[in-house]
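Colleague: Take a look at the following structure, please.
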Amino acid sequence: MRAVVQRVREARVEVNGVVTGSIGRGLLVLLGVAREDTPRDADYLAEKIAGLRIFPDEEGKMNRSVRDVGGALLVVSQFTLYGDTRKGRRPSFDRAAPPEQARALYERFVQALRAGGLPVETGVFQAMMQVHLINDGPVTIICDSGAPETSQGEIGSVGS
C-alpha cells in the first residue's frame with residue numbers, strides 16, 4: 001500500500017457537488033492499494049500513519065502525532081498512486097489492485113484507524129472526487145507498507 005499524507009488545517013471531499021467527508025486539523029491520506037497487498041499491509045500502514053510525528057510541539061518541532069493533537073483523518077482512495085510512467089507517456093496501472101481487493105483493503109485501513117480511536121472521514125470508493133484542502137506547512141509525506149530498506153541497502157521485513 002502507498003499513501004500520500006498531507007498535514008492539513010482542513011480538508012473535504014466532494015462527489016457530484018455533495019460533501020462526503022470533511023475534517024478540520026488533521027491528515028489527508030490519499031491511499032493506493034497494490035496487487036500484492038494484504039490485510040497486514042493495511043494494518044501496518046494505518047498504525048504507521050496514526051503514529052507519524054509530523055505535528056509541531058510547543059517548540060515548533062515535529063514531535064506530535066495526529067492522535068496527540070486531537071486531529072482527524074480524511075482517507076481518499078487513489079489507485080493512480082501506482083501509475084508507472086517509466087515507459088511512454090501514458091501511465092500503466094498494472095500494479096494497482098483490482099477494485100474488489102482494493103475496496104476490501106481500503107475499508108480495512110479505515111477500520112484500523114477507527115479502531116485506534118481516531119475520527120476518520122472518507123471519500124467514495126471508485127467515484128470521481130474533488131478534494132479540497134488547506135495544506136499546513138506544507139508537510140507532505142509518502143508512506144509505503146513495503147519492507148523498509150536497511151542502511152546497508154538490503155530489504156528487511158516489516159517487523160524489523
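Colleague: Pairs under 6 Å by beta carbon, first residue over 17 Å from T122 (Cβ atoms) and in a loop (DSSP other than H, G, I, E, B) in segment 76-96, partner at pLDDT 95 or above and hydrophobic (A, V, I, L, M, F, W, C), six or more apart or different chains?
Modeller: Short answer, once both residue conditions are applied: G83/F93; R95/A34.
Colleague: Given the structure, is A50 out of contact with any Phe, Trp or Tyr (no Cβ under 7 Å at 6 or more places or on another chain), at pLDDT 95 or above, over 15 Å from A11 (Cβ atoms) and among the aliphatic types (A, V, I, L, M)? It would help to see each step written out before you state the result.
Modeller: Values: out of contact with any Phe, Trp or Tyr (no Cβ under 7 Å at 6 or more places or on another chain): yes; at pLDDT 95 or above: yes; over 15 Å from A11 (Cβ atoms): yes; among the aliphatic types (A, V, I, L, M): yes.
So A50 passes the test.
Here is a yes/no grid of residues against (1) within 18 Å of the chain's Cα centre (by Cα); (2) buried (at least 20 other Cβ atoms within 10 Å of the Cβ); (3) within 19 Å of Y106 (Cα to Cα); (4) modelled with pLDDT under 95:
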| residue | (1), (2), (3), (4) |
| --- | --- |
| V13 | yes, yes, yes, no |
| S22 | yes, no, yes, no |
| L81 | yes, yes, yes, no |
| P91 | no, no, no, no |
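Colleague: Among the residues that make up segment 57-74, is at least one of them at pLDDT 95 or above, crowded, with 22+ Cβ neighbours inside 10 Å and under 30 Å from D94 (Cβ atoms)?
Modeller: Yes, some residue in segment 57-74 is at pLDDT 95 or above, crowded, with 22+ Cβ neighbours inside 10 Å and under 30 Å from D94 (Cβ atoms).
Colleague: Still on this structure, please answer the following. Would you mind finding the one in Y82, Y106 that is of a type in the set (F, W, Y), more than 22 Å from R12 (Cα to Cα) and touching a strand residue (DSSP E or B) at 6+ places or on another chain (Cβ under 6 Å)?
Modeller: Y82
Colleague: Starting from segment 102-115, keep only residues that are under 11 Å from P39 (Cα atoms), then list their pairs with residues that are of a type in the set (A, V, I, L, M, F, W, C) and assigned to a helix (DSSP H, G or I) whose Cβ atoms are within a distance under 7 Å, requiring at least 6 positions of separation or different chains.
Modeller: Filtered contacts from segment 102-115: A102/F79; L105/A42; R108/A42; F109/A42; F109/L45; F109/A46; A112/A42; A112/A46.
Colleague: I need the full set of residues from segment 7-51 which are within 17 Å of Q130 (Cα to Cα) and hydrophobic (A, V, I, L, M, F, W, C), in order please.
Modeller: Once the filter is applied, which keeps residues that are within 17 Å of Q130 (Cα to Cα) and hydrophobic (A, V, I, L, M, F, W, C), segment 7-51 yields V8, A11, V13, V15, V18, V19, I23, L27, L28, V29, L30, L31.
Colleague: If the Cβ limit is 7 Å and pairs must be 6+ apart or interchain, which residue in segment 135-147 that is under 12 Å from V5 (Cα atoms) pairs with which residue that is of a type in the set (G, A, S) and surrounded by 15 or more Cβ atoms within 10 Å (Cβ to Cβ)?
Modeller: C143/A3
Colleague: Now for a different question. Select from segment 38-54 the residues that are crowded, with 22+ Cβ neighbours inside 10 Å and either among the hydroxyl-bearing types (S, T, Y) or in contact with a Ser or Thr (Cβ under 7 Å, 6 or more places away or on another chain) (or both) and list them in ascending order.
Modeller: Here is the first cut: in segment 38-54, the residues crowded, with 22+ Cβ neighbours inside 10 Å are 42, 45-46, 49.
Within segment 38-54, L45 is the sole residue that qualifies.
The values are calculated or read from the model by the stated rules, or taken from the named source; none is laboratory data. From a predicted model like this one, the values you see are computed outputs, not experimental measurements. Cβ: placed from backbone, ideal geometry, glycine included. Neighbour counts: every protein chain shown.
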